[in-house]
Amino acid sequence: LRLTSAFETRLAAIQVQATQRTAAEASTIAGAIAGASQAIALDEAETRAIIDTQLIAAGWLADSETLRFSKGCRADAAKHQAIAEWPTAEGPADYVLFNGLTPLAIVEAKKYGSDVSGVITQAERYSEHYQIQADEKLPQPPGVPQPFPGWFHGQDQNGTQHYYRIPFVYATNGRPFLQQLQTKSGIWFRDVRQASHHARALLGWHSPDALKKLLEADTARSEEKLQAEPVPYVALRD
């Protein structure tokens with residue numbers, strides 16, 4: 001971890017320098033950063049230690065060595081937990097983020113040097129195939145009665161409809177976001193409740209309260225109301 005810390009310190013310094021360079025110079029710097037990052041071959045366990053630290057800083061209880069499903073860790077109404085290796089019908093999710101008893105997000109964690117933007121679809125599969133194991137309460141839109149199947153995301157050639165059961169997904173390799181290496185850095189995030197919500201890189205993790213508020217924000221209903229809202233307030237062009 002000391003090696004990783006030194007690397008990140010140097011990376012931040014290079015970022016500042018890059019903003020003061022020409023496009024050609026910045027491209028050369030980005031190439032140098034990519035080469036340097038390949039020299040740090042952290043495995044998934046070491047990467048998860050970095051991710052644990054980041055999640056803790058955002059307000060989650062996280063320890064991928066002890067807070068594991070296989071070691072008896074389950075959702076707790078009084079805690080905001082990142083529980084590791086949570087089983088799904090598609091295999092174990094690296095983390096599930098719980099706000100009390102509600103699973104809000106799936107996290108796919110990759111090795112430190114891995115591409116992260118392309119693996120968020122794996123977290124989406126875990127979202128679809130999430131399995132209730134104990135007392136969890138699956139999230140749903142405000143005011144929607146049970147049973148709620150999830151957020152619709154498509155129909156296959158056999159006519160079977162598919163739904164996301166967990167609304168938020170992440171993919172990360174533990175590295176700080178760098179504009180020149182977008183797909184290999186940062187925390188990639190997608191709100192899967194609507195097809196128009198695309199994955200994007202974040203600078204940091206959502207806190208438990210921030211994710212809860214995001215869940216409670218019914219954007220689809222708000223957009224419908226906006227479409228129907230008359231606009232007699234000012235003389236607008238068509």
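The values are calculated or read from the model by the stated rules, or taken from the named source; none is laboratory data. All values reported here derive from a predicted model rather than from experimental measurement. Note that we place each Cβ from the backbone using ideal geometry, even for glycine, and neighbour counts take in every protein chain shown. Heads up: the accessible areas ignore ligands, DNA and RNA and are worked out on the full protein's heavy atoms, side chains in. Shrake-Rupley method; radii C 1.70, N 1.55, O 1.52, S 1.80 Å.
At a glance:
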read-out	value
Members of region 68-78 that are in contact with a strand residue (DSSP E or B) (Cβ under 8 Å, 6 or more places away or on another chain) and either loosely packed, with under 15 Cβ neighbours inside 10 Å or within 12 Å of residue 136 (Cβ to Cβ) (or both)	69, 70, 74, 75, 76
So residue 211, is it outside any strand (DSSP E or B) and either surrounded by 15 or more Cβ atoms within 10 Å (Cβ to Cβ) or touching a Cys at 6+ places or on another chain (Cβ under 9 Å) (or both)	yes
Strands (runs of 3 or more DSSP E) fully within region 106-206 counting 1 or more residues that are within 25 Å of residue 68 (Cα to Cα) and either open to solvent by 40 Å² or more (accessible area, probe 1.4 Å) or β-branched (Val, Ile, Thr) (or both)	168-172, 187-191
Members of region 44-67 that are surrounded by 14 or more Cβ atoms within 10 Å (Cβ to Cβ) and not in a helix (DSSP H, G or I)	58, 59, 60, 61, 62, 63, 64, 67
Tabulated pairs, region 85-97, first closer than 15 Å to residue 119 by Cα and open to solvent by less than 10 Å² (accessible area, probe 1.4 Å), second at pLDDT 95 or above and not aliphatic (A, V, I, L, M), C-beta under 6 angstrom, 6+ apart or interchain	93/86; 93/126
